[in-house]
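See structure below.
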């Protein structure tokens, strides 16, 4: 049986990128952006070609005011999936905030 990581009351398989992404979403929805970024980063360590996770982490960085990192993540998501509307929107929103 694989060792499960215990954090936030959730057991996570340390090789399950989807589980880290989902927990990151839960943290994001609670406004816990640092924890969300940590889980999205772990998901990307496991699967570095996931446009959804780059997009999600981009939104978390945007909420933290880390616009350069957000732009980098939205851009990475679009490199993987050039038609990803969520990443296009996130990139546009972030650039608008940067110009304020």
Query raised in the report: When you go through 54, 59, 20, 27 one by one, which is the residue that is in contact with a strand residue (DSSP E or B) (Cβ under 9 Å, 6 or more places away or on another chain) and assigned to a helix (DSSP H, G or I)?
Result: 20
Report summary line: Here the qualifying pairs (Cβ atoms under 9 Å; residues six or more apart or on different chains; first in segment 34-49 and surrounded by 20 or more Cβ atoms within 10 Å (Cβ to Cβ); second assigned to a loop (DSSP other than H, G, I, E, B)) come out as 36/30; 37/66; 42/14; 43/16; 43/50; 44/50
Requested in this report: Look through 54, 67 and report the one residue that is within 14 Å of the chain's Cα centre (by Cα) and closer than 19 Å to residue 21 by Cα.
Outcome: 54
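Determine, yes or no, whether residue 46 is at pLDDT 95 or above, over 10 Å from the mean Cα position of the chain (by Cα) and within 22 Å of residue 15 (Cβ to Cβ).
Considered against the rule, which asks whether it is at pLDDT 95 or above, over 10 Å from the mean Cα position of the chain (by Cα) and within 22 Å of residue 15 (Cβ to Cβ), residue 46 comes out as yes.
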Query raised in the report: From the list 65, 86, 58, which residue is free of Cβ contacts under 8 Å to residues at least 60 places away in the same chain and more than 27 Å from residue 15 (Cα to Cα)?
Result: 65
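The values are calculated or read from the model by the stated rules, or taken from the named source; none is laboratory data. A quick note: this is a predicted structure, and the numbers were derived from the prediction, not measured. Ideal geometry is used to build each Cβ from the backbone, glycine not excepted, and the neighbour counts take in all protein chains shown.
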